[in-house]
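Student: Mind looking over this structure? Questions follow.
Computed from the coordinates by the stated procedures, all read-outs in this text should not be read as laboratory data. Nothing here was measured: the structure is a model prediction, and the numbers come from that model. Don't worry about glycine lacking a Cβ; one is built from the backbone with ideal geometry, like all the others, and counts go over all protein chains shown.
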Amino acid sequence: MNLRFVHLFLALFVFIASPNWVGAAEPIGNAREQAVAEEMASAVKRALFDLNTEQVKDIVAFTLKSNKAIKALTIIDSYSKEAVLSFSRAGSVESYDKILPKNLQGLTAYTAPIVFNEEKIGDLNIYYEAIFAADVKSNPPPDNGKAGQDLARKIAAFTNRAIYNLDEDQLLAVLENFLEEHPEIKGLVVTETIDQEILLTYFRQNNQVVYGETIPNDIQAFSSFAADSIFEGSTIGTVQIYYVPASTGSSAQIDILTAEERAWIKNNPVMTVGVEEWFPFIRTNGNGTTGGISGDFITLVLKKTGLKIKVISDEWSTLLADFKDGKIDLLPATYYTDKRATYGLYSNPYFTAKEFLYVKQGTSSARSFADLKGKKLAIVTGFGTIPKIREKFPDIEIVETKNQLASLYAVLNEDVEATFESQFVIEELIRTELITGIQGIAQNIFKASSLFFFSHREKPLLQSILTKALDSITETEKRQLMNKWVKAQDSAASRGGVQTQEEAGISWMIVGVILVFVVMLLSALLLPRILSDEKLANHFGSTRFRMIAMIATSLMVVLVAGLVWRALEQNKSTALASTADDLDVVIHGTMDRLDSWIQSRQNFLLRLGRDPELVAITKRLLAVPAVPEILKGSLPLADARAFFKKNEAEFGKIGFFIIDKDTISVGSGRDANLGTKNLIAEQKPYLLSNAFQGQAVFIPPIRSDVSLTVQDNASEPDIKKPLTMFFAVPIRDTNGLVLAVLTQRLKPEGRLSKIMQAGRLGQSGESYLIDHEGVQVTESRFKTDLIKIGLLSKDVSKQVRIQVRDPGGNMMDGFQPKKPMAERSLTQMAADLLRISADTSLDNFLNGYSDLGRNVDTGYRDYRGVQVFGTWVWNERLGLGIASEIDVDEAFSGYYSLRLSLLVITGITLLLTISALLVTLMLGEKATLTMRKSRDELEDRVIERTQELKATNDLITESIQYASRIQRSILPDDGVLSAVTQEHFVIWEPRDVVGGDIYWHGAWGDGCLIILGDCTGHGVPGAFMTLISIGALERAMSEIEGGNVGELVSRVHQYIQVSLSQHYGGGHSDDGIELGACYFVPEEPEMTFVGARFELMINDGAEVTTIKGTKAGMGYRGIPYDQGYDENTVSLKMGQTFYMTTDGLVDQVGGERKRMYGKRRLKKLLLEIEQQSMNEQKKSVYRALLDYQDLEKRRDDVSIIGFRF
């Protein structure tokens, strides 16, 4: 698809949907011109942010061509203050340039800011002749019929290229937002002219949007308008819309209210609303208004109806009692129960949320509702979840509490085993109340609960008003509201107190290390005072002292090793828990999408089963004798096949059956099975019976009626009847009588595979369906790899079934299984799913799904032989298993990186410590013996001792120098930077032998990344931080797509925080890094800079300007885990030189007044040496540092990177 046209179309509909498009109703006077400017500014914001001048021009050209009254236009960039694009019109001559037009005198200007991501990035100015506003005042607004016809013409105009390309995806892309902004368009059909093929259908019903299905009859009853779509002078298609005029009034009340309802509002302008503290769903704000998700829906309803509210705040049980007594008109956040429906009226549902079980971490063994049998479950008094739990699980004792916080404390105090509440609510409480030790458990017993407006039964008009107002809320308004509230939930909430327990264990080990150190320190201080020098010397030289020293050292080593092991185990446990949570989220999302799609297809087929044409064909087909030869030549069969051929766009190019009440196939796409008993009746007769009783039924995998040569995993060909699936629905006449059953064959490689492939975790994750034989039903994501290793055939004409069996080794690494496919064992996941499917004694198939199975501990081999973690569930209703897996290597990638870093750092530290201690012990013993033997040669021995101690110091220094070589080995080679810059220099000078400054540069994505960072501290601690930071950077670069520098820096921040256990305010340290990152693509005219409390200096010869980064460092405990870092785009120009520096230079004390060097002095220096080569500049900067420092001590590590293109 041509991406330029996609961008163009997405921008065009903004204009043609607005009043300034030719032929649409237009505002009068200045408001109209200002509206044009504002809409054009909104349309070009993304293109201007990307500095894509061609795209900016493409977008504005459409409006400029349509609106001849615009005489000139300028777009000014806020950063450079330069014109990005200018346009002027003189008669019929139009010109574009970047120079401001000179003929703007006498024109009226209208200015609109261009805002992107809440930041002003430019201004758009349009210029009109002054007489234009007066001219348009006489134009009357068009009537509704003209408005509908204009909309049809607009759609036909901006969809012409998508229709010409027969590109349904592009057509949907350019129409989706336009249709959302025009709810008065109730239905739409786009047809191409040559073959009269329907490319797209759309209709809006009951505030729901449906694509790709037949327009219902009640929608077709609306006013219809059609327009031809023309491309390059030829008619290529037709656009037909079904239209209901939109409201044109200015009243706050919505037009769908009846006169009686408006009169009721006038007589009852204020309604009382009961609000409990159930955040983030509902609460009372400080100003007396309603807050939370439901509160925002109330605000929208008030705007649409003109109603006002009086808020009554109390506990839920009290509010419910007051509602029954008629003291409260509305409870806005309510679950449905049959009992409440006897005294109140429900609106349509407006929000859905999933409830979790919450238990005490570490002590509760409950993992599902089945584990709560005979135990206590806490729920807020009067909540709608109570009756449905009592109905399904009468053996669970419900303990009613005052509120959700009381339920949590009951769990923590072990008064109850668990509580059952919305994930949104509990995680908000955990966050605000700083609660730990709670573990969330996802469940699939109960579907997500819906929230309703619940009004009093004695006020039916109020219920009608509220329902209409809720239904009138547009998808755009809902999406804006949801974006505000529905955020990604922290999976740490479901892990509860894991970190707390792990930290407690680590804390005790740290205490042990400190105690050993204190004992040794006290011994060193007190022993010289207690013992004489001679006794002390005797003890120091004794074998006993050596043994004590060795034991103490060994104890320290064991404690340090224990700390490292505990930290690694904690990180591993965190990774496992996070993977388990993520897999659960993925598989639940996949289950929901699968259920939704199946329901959607069943609804479509139910409507098709009532189609008058199909009903008439079926009646005639049933009159034909059910004899194969007679059926084959019958006219009704030909009509049936023609009907499905005509409806291929919605039905699909797939097989069908029409089955009579004797279960004979009287209609089919193939002749072979006509007049015979249908295969569904033979294998699943009870499901076919359900269809004849009027239900829409999914037929799980059964043996097909056609024998095909299939291959199991590209080997061992076998003649089998493959498994196939169907949808079955009744065909009803106008009286609702079931005439026959219609079935549609399901192609697993179609939409079903796309649904499964959409649900995956990470880069190696995969979700798929398997049947009761252990055969993968949907397509694998790894088809190319499977062909290479021989699990799939290269011949695409052969039908290949992947058997989910363990090959015995990793075939991706070259392993060749010796056993034939039939003799290999099923994978752990497949074996467990088949066990569940075959166990008729199980009673856990609630809502059609079994309990989740998982292996997120030891892992298992998948059908490729790759070690994976997985979660799976069996759907008894579908007769299929759903599995979601991720490679173990990817799940543990962060753990492996941290383990390597910690082992290297710990090993070096212990080696240096033990070496120094052993040398000290040996030299001390030797000195003591020497002192005993040669008291008379004390001065000579003192000199000798001094030399020996110097040797010891040299040895330690050499060890640290070796550590310095290790640190320098991770620094990048300058070859990459030399290849992509004209010149550059790097100054990297630690204050000590090793330091806390780090730099990195190299290829990333399509470009090059240059990074300079300043870690907490210097010396050995700073060096350790550089290793952790480099590990986090390399891991983040492997995950984040090249060019997304802000996301890269944010991900590095997260990994450092987690590595140091400082995320969400945890950990005992507060370490991190300040960092600057420059990303550029060679030959491209711009560079991206991201700073974390870091700056980029740009020297253009005239001045040194500074681009400041985000005012937040990385990794520190006080910085939010989801901290974002702004990307700054720098336009590259000739003569520019770029510098990044840590604070070691500017903070260096020196000079006559003993003050810091400072940024002003550095900028002045850079301007003075601007003409020098980068190599000379390096010398000049370093010389200036030494001269200014003079005899003062170096305060910090010094690092500077300079480069120019």
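Student: With Cα Rg over 2.2 N^0.38 Å as the read-out, I listed (i) 1.00; (ii) 2.18; (iii) 1.14; which label goes with the value calculated from this structure?
Tutor: (iii)
Student: So, one more: Would you mind calculating the gained length between Val115 and Glu1103 on full extension (0.36 nm times residue separation, minus the Cα-Cα distance), in nm to one decimal?
Tutor: Between Val115 and Glu1103, full extension yields 352.8 nm more.
Student: Now for a separate question. Tell me the Kirkwood radius of the range 322-396: reciprocal of the mean inverse pair distance over distinct alpha-carbon atoms, in Å.
Tutor: Computed over the range 322-396, the radius equals 14.9 Å.
Student: Give the share of C-alpha pairs in each 10 angstrom bin for the range 609-707, from 0 to the last occupied bin, in whole percents, shortest bins first.
Tutor: Going from the shortest bin to the longest, the percentages are 15, 47, 36, 2.
Student: Just how large is the dipole of the chain about the Cα centre, in debye to the nearest 20, putting +1 at every Lys and Arg Cβ and -1 at every Asp and Glu Cβ?
Tutor: Taking the Cα centre of the chain as origin, the dipole is about 1080 debye.
Student: Provide the three semi-axes, in whole Å and in decreasing order, of the ellipsoid equivalent to the range 142-246 as defined by the square roots of 5 times the Cα gyration tensor eigenvalues.
Tutor: Sorted largest first and rounded, they come to 21, 16, 12 Å.
Student: For the range 1140-1205, what does the relative contact order come out to in percent, with C-alpha contacts under 8 Å and a separation of six or more?
Tutor: 52
Student: Could you tell me which of Ala822, Val1045, Ser78 has its Cα farthest along the dipole of the chain towards the positive end, charges placed at Cβ (Lys, Arg +1; Asp, Glu -1), taken about the Cα centre?
Tutor: After comparing all options, I get Ala822.
Student: What residues have an amide H closer than 5 Å to that of Val399, excluding those fewer than 5 places away on the same chain, when H is modeled at 1.01 Å from N in the peptide plane?
Tutor: Here Leu377, Ala378, Ile379 satisfy the definition.
Student: Could you order the peptides 428-439, 587-598 from most to least packed, using the average number of other C-beta atoms within 10 Å per residue?
Tutor: Descending mean neighbour count gives 587-598, 428-439.
Student: Looking only at Cα atoms, what is the convex hull volume of the range 1041-1127 per residue, in Å³?
Tutor: 89
Student: Can you pull the one-decimal nm distance between simple spin-label points at Ala758 and Ile966, each 7 Å off the Cα toward Cβ?
Tutor: Distance between the two pseudo-spin positions: 5.0 nm.
Student: Moving on to the next point. For the range 864-870, in order, what is each residue's ³J(HN,Hα) by Karplus, 6.51 cos²θ - 1.76 cosθ + 1.60 with θ = phi - 60°, in whole Hz (x at glycine and Pro)?
Tutor: 8, x, 7, 6, 9, 9, x
Student: A follow-up question, please. Efficiency by 1/(1 + (r/R0)^6): what FRET value for Glu391 and Ala448, r their Cβ-Cβ distance, R0 = 30 Å, to the nearest 0.05?
Tutor: 0.95
Student: Over all distinct Cα pairs, what is the inverse of the mean 1/r for the range 1102-1205, reported as the Kirkwood hydrodynamic radius in Å?
Tutor: With all distinct Cα pairs of the range 1102-1205 included, I get 15.8 Å.
Student: Between Leu1132 and Lys310, what is the label-point separation in nm under the 7 Å Cα-to-beta-carbon projection?
Tutor: 6.9
Student: Multiply the residue separation of Ala321 and Glu1086 by 0.36 nm, subtract the distance between their alpha-carbon atoms, and state the gained length in nm to one decimal.
Tutor: Contour length minus the Cα-Cα distance gives 268.9 nm.
Student: For the chain, find the longest principal axis of its Cα atoms and tell me its angle to the long axis of helix 460-471, 0 to 90°, nearest 10.
Tutor: Approximately 60 degrees, to the nearest 10.
Student: Evaluate E = 1/(1 + (r/R0)^6) for Lys819 and Gln196, where r is the Cβ-Cβ distance and R0 equals 45 Å; express this FRET efficiency to the nearest 0.05.
Tutor: 0.20
Student: Per the helix-only calculation at 222 nm, which mean residue ellipticity applies to the chain, given -39500 (n - 2.57) for every DSSP H run of n ≥ 4 and division by its residues, nearest 500 deg cm²/dmol?
Tutor: -13000 deg cm²/dmol
Student: Pop a pseudo-label 7 angstrom from the Cα along the beta-carbon direction at both Asn217 and Lys619 and give the gap in nm to one decimal.
Tutor: 1.3
Student: Right, next: Can you pull the percent of Cα pairs in the range 957-1029 with separation above 18 Å?
Tutor: The proportion of pairs with Cα distances above 18 Å equals 42 percent.
Student: Among Lys146/Lys303; Lys324/Lys392; Lys1111/Lys1163; Lys684/Lys783; Lys1133/Lys1163, which pairs are too far apart, with a Cα-Cα distance over 23 Å?
Tutor: In this structure, Lys146/Lys303; Lys324/Lys392; Lys684/Lys783 exceed 23 Å between Cα atoms.
Student: Separate question: Two decimals is fine: what's Rg over Rh for the range 751-891, C-alpha atoms, Kirkwood radius as Rh?
Tutor: Ratio of gyration radius to Kirkwood radius for the range 751-891: 0.95.
Student: Which ³J(HN,Hα) values, rounded to whole Hz and listed in residue order, are derived for the range 993-1005 from phi using the Karplus coefficients 6.51, -1.76 and 1.60 in 6.51 cos²θ - 1.76 cosθ + 1.60 with θ = phi - 60°, glycine and proline given as x?
Tutor: 5, 10, x, x, 8, 9, 9, 8, 8, x, 6, 8, x
Student: Based on a Kirkwood Rh over C-alpha pairs, give the Stokes-Einstein translational diffusion coefficient of the range 971-1122 at 10 °C and viscosity 1.306 mPa s in µm²/s.
Tutor: This corresponds to a translational diffusion coefficient of 99 µm²/s.
Student: Any chance you could tell me what percent of the C-alpha pair distances in the range 821-920 go past 22 Å?
Tutor: The share of Cα pairs beyond 22 Å in the range 821-920 comes to 53 percent.
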